[in-house]
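Worksheet for the structure shown next.
The values are calculated or read from the model by the stated rules, or taken from the named source; none is laboratory data. Since the structure is predicted, the reported quantities are computational estimates derived from the model, not experimental observations. Cβ: placed from backbone, ideal geometry, glycine included. Neighbour counts: every protein chain shown.
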Amino acid sequence: MIRFVFIAFVFYISSIFINDYNDDPKNTYIAVYILFVSTLGSGIAISQAPSIGKARAAAVKVFDIIEEESTIDSRSLKGEQIIKNGAIEFQNVCFKYPSRTQQVLDKFNMTIPSTRKIALVGHSGCGKSTIANLLLRMYEIMDG
């Protein structure tokens, strides 16, 4: 309703300019058109303000995660440095996520022979993603 009242008001004012002040109808039309377009653009921009605030808050959280210092030093010489035929081996690996109290892997053993491809399958919550994250050194194991 507000939009239609605004349009009616603008046409009323423009008819006053044309009739009472002998304004050129062409120039009046151009002025009304500019007013409509600028008002429409302003309305669209103002309607996006809440989304911009939410996006800014989300971006702060994302950049906090990106800039977080890692406890894993990839240049460290700690641990075994010898590569045995390119095989990947988990021996008695124990792991729990820093934010949880429950242990996820308890004395887990697995060997992936070199030049082999494997598939990790199982039900939800059995540790597939955890194993992948440990292989990618996203987390440090507790023991093993």
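Residue check: is TYR97 in contact (Cβ under 8 Å) with a residue 24 or more places away in the chain and hydroxyl-bearing (Ser, Thr, Tyr)? For TYR97, the condition - in contact (Cβ under 8 Å) with a residue 24 or more places away in the chain and hydroxyl-bearing (Ser, Thr, Tyr) - is met. Out of all the residues in region 127-137, which are free of Cβ contacts under 8 Å to residues at least 40 places away in the same chain and in a loop (DSSP other than H, G, I, E, B)? If the condition is that a residue be free of Cβ contacts under 8 Å to residues at least 40 places away in the same chain and in a loop (DSSP other than H, G, I, E, B), then GLY127, LEU136 are the ones that fit. Look at VAL60 and say whether it is in contact (Cβ under 8 Å) with a residue 40 or more places away in the chain and either within 26 Å of the chain's Cα centre (by Cα) or part of a strand (DSSP E or B) (or both). Here the answer is no, as VAL60 does not meet what is asked. Please work out which residue is surrounded by the fewest Cβ atoms within 10 Å (Cβ to Cβ), limiting yourself to region 95-126 and to residues that are part of a loop (DSSP other than H, G, I, E, B) and touching a strand residue (DSSP E or B) at 6+ places or on another chain (Cβ under 6 Å). Per the stated criteria, the residue is ILE118. Here is the figure for region 22-36: residues that are hydroxyl-bearing (Ser, Thr, Tyr) and either at pLDDT 90 or above or touching a helix residue (DSSP H, G or I) at 6+ places or on another chain (Cβ under 7 Å) (or both) total 1.
Identify, by number, the condition in (1) at pLDDT 90 or above; (2) surrounded by 12 or more Cβ atoms within 10 Å (Cβ to Cβ); (3) among the β-branched types (Val, Ile, Thr) that VAL60 doesn't meet. Here VAL60 meets the rest and fails (2).
Taking the conditions (1) polar (S, T, N, Q); (2) closer than 30 Å to TYR139 by Cα; (3) modelled with pLDDT of 90 or more; (4) exposed (fewer than 11 other Cβ atoms within 10 Å of the Cβ) in turn, GLN81 satisfies each one other than (3).
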